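The values are calculated or read from the model by the stated rules, or taken from the named source; none is laboratory data. Owing to the predicted nature of the structure, the values given are computational and were not obtained by experimental measurement. Cβ placement follows ideal geometry from the backbone for every residue including glycine, while neighbour counts extend to all protein chains displayed. The accessibility values were calculated without ligands, DNA or RNA, using every heavy atom of the protein model including side chains. Shrake-Rupley method; radii C 1.70, N 1.55, O 1.52, S 1.80 Å.
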Amino acid sequence: MGVKVNREKCCYCGACVAVCPKNCIGLDEVRIEIDNSKCIDCLACIRMCPVGALGKIEKK
Amino acid sequence: MEEYGVIIIGAGPAGLSAAAKLAERKINALVLDRKQEIGCPKRCAEGLGLGWFRRLGLKPSKEWAVMPIYGAALYSPLGKSVVLKAKKVAGYVLERKMFEKALAIDAVKKGAKIRLKSNVKSARRENGNVVIDVNELGEIKQYSAPLIIACDGIDSRIARMLGLDTTNKLPDVDSGFQYELTGIDGYDEKLLHLYFGNEISPRGYCWIFPKRRGTANVGIGIAGYAEKTAKYYLDKFIASHPNLSKGSIIEVNSGGIPVGGFLEKMHSDNLLIAGDAAHQVDPIHGGGIGISMEAGALAAEVASEAVAKNDFSEKFLGKYTQKWYALRGNQLKKRLKGRHLLEKLSDADFEYLADSITADDVLKIASGDLDKKAKFILFAKKLVKRPGLVKIMMKYL
């Protein structure tokens, strides 16, 4: 469960923060912080990201 | 712990305009921003219409009003254009990092304080005040005030910390991406250029906003739920325009645009919300600089009344939400329908419209002067071969 961020792609715009219904994501100036313990896998953040910097954590 | 009359979170147009207005009224105002530079990185195409200069009492300065604009050119998917051009300046493209610094300097001159690299980590209500813990350049500091004005953008979290949900629903947000390009040409630098079509930009448009000779913001806003990313569509658009693809990128900008309607409630106990945080954006073109500054000033007006009466209750602060809807919100709500129109039109519809509708027609429709009957006559006459399209236009415009 959860999402991960590709920091090289991320433009730290906070668009993902804006659509997270569980308030799992925060933007600390230039760094997206994700708290996956609250993530419900709705994937809104992945859809929203203008640059495709977010991805699903695949089960191992 | 430092105590203030009002604390504003976010040093953008909404927050800085609120700070200036509060300072004018001799209220001890502090602005906190987590960034290390004001006005940067921008999440914006930087256009501001002349009407907003008048309403906000702004005088265009050469320092930040960098390109006078005389109108707009709208392009169909196949490249047919409708040009709306005035003889006089209709607005400016700004250099936002200079613009916001000017706003900051003005607010500080009037008596406000600003602190940067100050990230609010938590907020709680305590004995009629809000206490916030702030990480300021690595040092944890505490501030308190009886009123917080949240102007912290689309990713606002301060309101959520104080119990008001400002989350956007995915269908209500556009995903935006932009390059500031230089070394480009082949477009009229006196106009904003907007390119429509579902292939080009699903539920949105690509834009060229000229900033200087040979330099422009070239960007895109698409539905947040679109399958591919905004960057994918913008790169494709630029690749298909050799006059743009030959340029170099001097800035990369990214951001969400809250185009889908406004927060119903922009206040609660000890809290007011303004700007992108309150989803205060024009639903059709996604612009928000003017709307945010007006809302910030209005929040400051209600805040100063609250300070005078020492009443920071939800009931009293409700005045702000009410006043904002009366001043701007109800008018903007009508424009939400225009956004839904974009979702309904096929690329064939866009072509047909570009063939049949003239610049005069667009101006007539946009003026809001036409009543229902006049609109119907216009559409029926112009779109005679497409009764389905007449129906759609009547429903959404």
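Accessible area per residue (1.4 Å probe, heavy atoms of protein chains only) ranks B:L192, B:L234 as B:L192, B:L234, with the largest value leading.
If R0 is taken as 56 Å, the Cβ-Cβ distance between B:A374 and B:E63 corresponds to a FRET efficiency of 0.80.
Counting pairs of alpha carbon atoms under 8 Å apart in space and at least six apart in sequence, what relative contact order in percent does chain A give? Intermediate values should be presented prior to the final figure.
Details: 100 pairs, mean separation 29.4, N = 60.
That works out to 49 percent.
The value of relative contact order for segment B:27-134, using C-alpha pairs under 8 Å at least six residues apart, is 38 percent.
Ignoring ligands, DNA and RNA, please state the percent of accessible area on the protein assembly as shown from carbon and sulfur, probe 1.4 Å. Present the calculation step by step, with values, prior to reporting the outcome.
Values: 10810 of 20340 Å².
Carbon-and-sulfur percentage of accessible area, whole number: 53.
Can you check what the net charge comes to around B:S61, using other residues whose Cβ is under 12 Å from the Cβ of B:S61 (Lys, Arg +1; Asp, Glu -1)? Present the calculation step by step, with values, prior to reporting the outcome.
On the way: positive: B:K59, B:K62, B:K101; negative: B:E63, B:E95, B:D106.
Net of charged neighbours comes to 0.
Taking all protein chains as they are arranged and a probe of 1.4 Å, the heavy atoms of B:K121 leave approximately 100 Å² accessible to solvent.
Of the beta bridges DSSP finds with both residues in chain B, what % are antiparallel, to the nearest 5? Mind dumping the intermediate values first?
Numbers: 57 of 77 bridges.
In chain B, DSSP labels about 75 percent of beta bridges as antiparallel.
The B and A chains share an interface that buries close to 2100 Å² of accessible area, total over both sides, probe 1.4 Å. For segment B:217-265, a reduction of at least 40 Å² in accessible area between the chain on its own and the assembled protein chains (probe 1.4 Å) is found at B:T229, B:S254. The angle between the Cα long axis of helix B:387-396 and the main principal axis of chain B comes to about 20°, on a 0 to 90 degree scale. For B:D165 and B:A348, the FRET efficiency from 1/(1 + (r/R0)^6), where r spans their Cβ atoms and R0 equals 35 Å, is about 0.30. Taking amide H as placed 1.01 Å from N in the peptide plane, the amide H of B:G287 sits under 5 Å from that of B:D282, each at least 5 places away or on another chain. Label positions at A:K59 and B:D311, each projected 7 Å from the Cα along the C-beta direction, are separated by 5.7 nm. Along segment A:28-33 the Karplus relation, 6.51 cos²θ - 1.76 cosθ + 1.60 evaluated at θ = phi - 60°, assigns HN-Hα couplings of 9, 6, 10, 9, 7, 10 Hz to successive residues, with x for each Gly and Pro.
With a cut-off of 8 Å between alpha carbons and a minimum separation of six or more residues, what is the relative contact order of chain B in percent?
Working: 852 pairs, mean separation 75.4, N = 397.
Rounded, it is 19 percent for chain B.
Surface exposure of segment B:281-343, expressed per residue as accessible area with a 1.4 Å probe, stands at 42 Å².
When the listed pairs B:K35/B:K141; B:K85/B:K231; B:K85/B:K344; B:K364/B:K385 are checked against a 24 Å cut-off, the alpha-carbon distance exceeds it for B:K85/B:K231; B:K85/B:K344.
Over 25 Å apart at the Cα level, from the set B:K333/B:K395; B:K190/B:K372; B:K21/B:K101, are B:K190/B:K372. Rounded to the nearest 500, the 222 nm mean residue ellipticity of the protein assembly as shown from helices alone is -9500 deg cm²/dmol, with -39,500 (n - 2.57) taken per DSSP H run of at least 4 residues. Rolling a 1.4 Å probe over the protein heavy atoms leaves B:W64 with an accessible area of roughly 20 Å².
Over 35 Å apart: what share of the alpha carbon pairs of the protein assembly as shown falls there, rounded to a whole percent? Of all Cα-Cα distances in the protein assembly as shown, 30 percent exceed 35 Å.
Take B:L84: with every protein chain present and a 1.4 Å probe, its accessible area is about 30 Å². In the context of the full set of protein chains, residues of segment B:174-257 present 37 Å² of accessible surface per residue (probe radius 1.4 Å, heavy atoms only).
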